[in-house]
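Student: Once you've had a glance at the structure underneath, I'll fire off some questions.
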Amino acid sequence: MLQRSSVEQELEREGSVNKPTMTTKTSALSKEELIELLKQMLLYRRFEEKAGESYAIGKIGGFCHLHIGQEAVAAGCITPLKKDDYVIGTYREHTQALAKGVPPEAVMAELYGKAAGTSGGLGGSMHIFGTDVGFMGGHGIVGGQLAVALGIAWGIHYRGGDQVCVCFLGDAAVNQGAFHESLNMAAIWNLPVIYAVENNDFGMGTKFSRVSKTAMSQKSASHGVPARVIDGQNVMSTYADFGEVVEEVRKGAGPQFVDVQCYRFKGHSMSDPVSGTYRSKKEVEDKTENADPIKILCDHMFDSGLLSPEELQEMDGEAREVVKRAAEFAEAAPEPDIKSLYENVYSEANPNGRLFFDGRVI
Amino acid sequence: MAEITYRDALNQALAEEMDRDESVFLLGEEVAEYDGAYKVSRGLLERFGERRVVDTPISELGFTGLAVGAAMVGLRPVVEFMTFNFSLLALDQVINNAAKMGSMSGGQVTSPIVLRGPSGAAFQLGSQHSQSCEAWYLHTPGLKVVAPGTPADAKGLLKTAIRDNDPVVVMESELLYNLKGEVPEGEEFLIPLGVADLKREGGDVSIITHGQMIHVALRAAEQLAKKGVEADVLDLRSLRPLDVESILESVGKTNRAVCLEEGWSYGGVGSQVVSVLMEEAFDDLDAPVLRVTQADVPMPYNKKLEAWSKPSVSRLVEACEKVCYV
């Protein structure tokens, strides 16, 4: 479990200014809801494990940021959303795309750089899009997506819709100017956007406390955006608490800032160390042992008589099968045609003048 | 045909397109209550309301990102930069997001955004307020760039830019806002992107230019004519897409060219035009192509030094005479 005491200490330090609320209502979740959350998290874990394996043997290139350890954030924050709600993410977004409904085989094919991938192989791990299900992209510049989320929420507001936009960001992104510009404008126009910080305490290899004088939950205060701290390792809490935020925003509460406290079990990306100079091996081992979101949920369900080891094994087998098929699909899919390089740089071929100057003929 | 100012031509373009398409909205600093720093948006708040004419905080990165996101969900934002000097704060959103969104999403999203405002020097505004920003944007695949030099071109190009499905950078000029000229009436007065306009016809040398510099070129052409040298003044109007055919046609006729631009020389618009001429018109050339640009320095404040730094009629005349060997 997440160390509640450290969260509480952090709240005490902050005093009464914009004191964030923290709620945990887990008892209301039905067996069906719990099983769905478990199935989702098993899928994300197996998917990311497979991505890691494929990266290790060179099937996936570039940067590849795994979400292992943070599955409860994707499951807990995205499951409460409707299909026409929007999610926009960072470069650690594979599982969030899956959670919003992007097919696993299309995501895996994108990781493999294949034509059948979500962006035809031109996006890669950091740029998964599924706009038909409201997944508005993985974005590679820290903080850049915050301003884009503002615009998506503006679009909802402009048309008078009741959707919400969930914008994921890492803890390090709160030090970008884009964070403050986005929160300020969302606040003055009361836009339906939820800034969900996946606060895993490390911006790459730099601990948050080394780059911020103030606590995470204070970051939105000067913009008048209410803050909450929620547990991002216990998916029951994440789901219940985040779901409540979603409904408030849908009813017109305006922008919200949610410090979703979580922990990354792997390195920043596949090419980075899991532990070392920036965090100890022991810390990672402790968290892996005691704060695994899948284990936390399973233990609860075992204790409550809602799940048997056999049922778990069966669900895990299904998740592994889905991932296996996704990898086989990606493996067999064709490479993109060279012509596709120029197809979506501009939305349409310009009837006049020259757009490209590389002199290449294809 | 009515004679109106460049400023009013832009205003008409905005009003007509907002009237025509409910998804078009204008945002930027001082665009609503203040009627725009240069009054381009005068009256639009009253006509369209604060939902569609939006005063923003001074947060260029933030409101440009807003435009990117709004475009992703089907709106057609027009962003006004008070000047393009300030657009540099928003470059991440333009270069990393607007320009790449189509390609990196595999065509799932488009970015029908207009980024407009004055670019280039005015009078003694110093180094941070006098930059010509074309080259910053031209370099990036995914962006389109236009630079109208007359009221008619301003209206026709802005209307086309608003209807275009890609991000279009529209570079105006502070020095042109009061310029009057004839502008065709009618909502369907559109000037296609990628089509240059021969503003003056001559047979001896091609002056290839754009934006506010066309007026320098036309004055230089008059002086040259007195000396018996007749110049083509080719107004590119659109810098990307670039009307390569018109460049080749003019130089094919004159066999000599001078590129005139307000910005710096290194990696500038003229560099690209020269490159095109080398690659595709080498056999037509009777002299090396020359460029007349701003001095390669941050713009100085001092009046005399500023005037010396800007591309001038006399420098252009000199360059044209040089390529004509007179």
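The values are calculated or read from the model by the stated rules, or taken from the named source; none is laboratory data. Predicted model only: the values in this text are computed from it and were never measured. Don't worry about glycine lacking a Cβ; one is built from the backbone with ideal geometry, like all the others, and counts go over all protein chains shown.
Student: Anything in the range A:84-105 that is under 28 Å from A:LYS287 (Cα atoms) and part of a loop (DSSP other than H, G, I, E, B)? List them, or say none.
Tutor: Of everything in the range A:84-105, those that are under 28 Å from A:LYS287 (Cα atoms) and part of a loop (DSSP other than H, G, I, E, B) turn out to be A:THR90, A:TYR91, A:ARG92, A:GLU93.
Student: Can I ask one more? State whether one or more residues within the range A:144-159 are at the interface with chain B (Cβ under 7 Å from one of its Cβ atoms) and charged (D, E, K, R).
Tutor: No, there is no match, as no residue in the range A:144-159 is at the interface with chain B (Cβ under 7 Å from one of its Cβ atoms) and charged (D, E, K, R).
Student: Could we say that A:HIS300 is of a type outside the set (S, T, N, Q) and either in a loop (DSSP other than H, G, I, E, B) or without any contact (Cβ under 8 Å) to a residue 24 or more places away in the chain (or both) here?
Tutor: The answer is no for A:HIS300.
Student: Residues that are more than 14 Å from chain A (Cβ to nearest Cβ), under 25 Å from A:VAL345 (Cβ atoms), crowded, with 24+ Cβ neighbours inside 10 Å and touching a strand residue (DSSP E or B) at 6+ places or on another chain (Cβ under 7 Å): does the range B:203-218 have at least one?
Tutor: For the range B:203-218, residues more than 14 Å from chain A (Cβ to nearest Cβ), under 25 Å from A:VAL345 (Cβ atoms), crowded, with 24+ Cβ neighbours inside 10 Å and touching a strand residue (DSSP E or B) at 6+ places or on another chain (Cβ under 7 Å): present.
Student: Starting from the range A:166-192, take each residue that is within 7 Å of chain B (Cβ to nearest Cβ) and within 12 Å of A:VAL225 (Cβ to Cβ) and list its partners that are surrounded by 24 or more Cβ atoms within 10 Å (Cβ to Cβ) and modelled with pLDDT of 95 or more, counting only C-beta distances under 6 angstrom and pairs at least six apart or across chains.
Tutor: As it stands, the answer is A:SER182/A:LEU146; A:SER182/A:ALA147; A:SER182/A:LEU150; A:SER182/B:GLY62; A:MET185/A:LEU150; A:MET185/B:GLY62, since those pairs meet every condition given.
Student: Suppose we filter B:SER246, B:SER250, B:SER275 for residues that are hydroxyl-bearing (Ser, Thr, Tyr), farther than 14 Å from B:ALA135 by Cα and away from chain A (no Cβ under 14 Å); which single one remains?
Tutor: Going through B:SER246, B:SER250, B:SER275 in turn, the sole match is B:SER250.
Student: When you look at B:ASN96, is it more than 7 Å from chain A (Cβ to nearest Cβ) and of a type in the set (S, T, N, Q), yes or no?
Tutor: no
Student: Among the residues of the range A:109-141, how many are in a helix (DSSP H, G or I) and within 9 Å of another protein chain (Cβ to nearest Cβ)?
Tutor: The number of residues fulfilling the criteria is 3.
Student: While we're looking at this one, here's another question. If you go through the range B:299-326 one residue at a time, how many are in contact (Cβ under 8 Å) with a residue 60 or more places away in the chain and surrounded by 14 or more Cβ atoms within 10 Å (Cβ to Cβ)?
Tutor: 14
A quick yes/no check of all residues on (1) part of a loop (DSSP other than H, G, I, E, B); (2) buried (at least 24 other Cβ atoms within 10 Å of the Cβ); (3) touching a residue at least 24 places away in the same chain (Cβ under 8 Å); (4) not hydrophobic (A, V, I, L, M, F, W, C):
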{"site": "B:LEU88", "(1), (2), (3), (4)": "no, no, yes, no"}
{"site": "B:ASP92", "(1), (2), (3), (4)": "no, no, yes, yes"}
{"site": "B:ASN96", "(1), (2), (3), (4)": "no, no, no, yes"}
{"site": "B:LEU115", "(1), (2), (3), (4)": "no, yes, yes, no"}
{"site": "B:SER132", "(1), (2), (3), (4)": "yes, yes, yes, yes"}
{"site": "B:PRO141", "(1), (2), (3), (4)": "yes, no, yes, yes"}
{"site": "B:VAL145", "(1), (2), (3), (4)": "no, yes, yes, no"}
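Student: Can you confirm whether B:ARG237 is within 14 Å of chain A (Cβ to nearest Cβ), surrounded by 15 or more Cβ atoms within 10 Å (Cβ to Cβ), closer than 24 Å to B:ASN85 by Cβ and not hydroxyl-bearing (Ser, Thr, Tyr)?
Tutor: So B:ARG237 fits the description; yes.
Student: Here's a follow-up. Can you find, within the range B:32-65, the residue that is farthest from the other protein chains (Cβ to nearest Cβ) among those that are of a type in the set (Ser, Thr, Tyr) and under 13 Å from A:ILE188 (Cβ atoms)?
Tutor: B:THR56
Residues checked against (1) part of a loop (DSSP other than H, G, I, E, B); (2) more than 27 Å from A:GLY120 (Cβ to Cβ); (3) of a type in the set (Lys, Arg):
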position	(1), (2), (3)
A:LEU306	yes, yes, no
A:ALA326	no, no, no
A:PHE356	yes, no, no
A:ARG360	yes, no, yes
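Student: Before we move on, is B:VAL54 touching a residue at least 40 places away in the same chain (Cβ under 8 Å) and among the hydrophobic types (A, V, I, L, M, F, W, C)?
Tutor: Judged against the criteria, B:VAL54 is not a match.
Student: When you go through (1) modelled with pLDDT of 95 or more; (2) within 14 Å of another protein chain (Cβ to nearest Cβ); (3) touching a helix residue (DSSP H, G or I) at 6+ places or on another chain (Cβ under 7 Å); (4) within 30 Å of A:GLU110 (Cβ to Cβ) one by one for A:VAL322, which number turns out not to apply?
Tutor: Condition not satisfied by A:VAL322: (2).
Student: For B:THR150, only one of the following conditions fails: (1) under 23 Å from B:GLN12 (Cα atoms); (2) surrounded by 20 or more Cβ atoms within 10 Å (Cβ to Cβ); (3) more than 14 Å from the chain's Cα centre (by Cα); (4) not acidic (Asp, Glu). What is its number?
Tutor: With respect to (1) under 23 Å from B:GLN12 (Cα atoms); (2) surrounded by 20 or more Cβ atoms within 10 Å (Cβ to Cβ); (3) more than 14 Å from the chain's Cα centre (by Cα); (4) not acidic (Asp, Glu), B:THR150 is out only on (3).
Student: Also, quick follow-up: Right, A:VAL166: over 20 Å from A:GLU71 (Cβ atoms) and either buried (at least 24 other Cβ atoms within 10 Å of the Cβ) or at pLDDT 95 or above (or both) or not?
Tutor: Here the answer is no, as A:VAL166 does not meet what is asked.
Student: Can you tell me which condition A:ARG92 does not meet? The list is (1) within 14 Å of chain B (Cβ to nearest Cβ); (2) buried (at least 22 other Cβ atoms within 10 Å of the Cβ); (3) more than 20 Å from A:ASP316 (Cα to Cα), and all the others hold.
Tutor: Of (1) within 14 Å of chain B (Cβ to nearest Cβ); (2) buried (at least 22 other Cβ atoms within 10 Å of the Cβ); (3) more than 20 Å from A:ASP316 (Cα to Cα), only one is false for A:ARG92: (1).
Student: Hey, any hits in the range A:202-216 for a residue that's within 14 Å of chain B (Cβ to nearest Cβ), free of Cβ contacts under 8 Å to residues at least 40 places away in the same chain and among the hydrophobic types (A, V, I, L, M, F, W, C)?
Tutor: no
Student: Which members of the range A:329-346 meet the condition of being more than 28 Å from the chain's Cα centre (by Cα), assigned to a loop (DSSP other than H, G, I, E, B) and surrounded by 15 or more Cβ atoms within 10 Å (Cβ to Cβ)?
Tutor: Selection gives A:TYR346 alone.
Student: The conditions are (1) of a type in the set (Ser, Thr, Tyr); (2) touching a residue at least 60 places away in the same chain (Cβ under 8 Å); (3) assigned to a loop (DSSP other than H, G, I, E, B), and A:THR288 fails exactly one of them. Which is it?
Tutor: Only one criterion in (1) of a type in the set (Ser, Thr, Tyr); (2) touching a residue at least 60 places away in the same chain (Cβ under 8 Å); (3) assigned to a loop (DSSP other than H, G, I, E, B) is unmet by A:THR288, namely (3).
Student: Exactly one condition in (1) touching a Gly at 6+ places or on another chain (Cβ under 9 Å); (2) within 14 Å of chain B (Cβ to nearest Cβ) is false for A:LEU341; which is it?
Tutor: Just one mismatch for A:LEU341, condition (1).
Student: Follow-up question, since we're still on this one. Tell me, which helices (runs of 4 or more DSSP H) wholly within the range A:1-83 include 2 or more residues that are modelled with pLDDT of 95 or more, of a type in the set (Asp, Glu) and out of contact with any Leu (no Cβ under 6 Å at 6 or more places or on another chain)?
Tutor: In the range A:1-83, the matching helices (runs of 4 or more DSSP H) lie at A:31-56.
Student: Does B:ASP286 satisfy being closer than 21 Å to B:CYS324 by Cβ and assigned to a strand (DSSP E or B)?
Tutor: no
Student: If you don't mind, there's one more thing I want to ask. Please go through the range A:169-186 and give me each residue that is surrounded by fewer than 19 Cβ atoms within 10 Å (Cβ to Cβ) and of a type outside the set (S, T, N, Q), ordered by number.
Tutor: Within the range A:169-186, just A:GLY177 meets the criteria.
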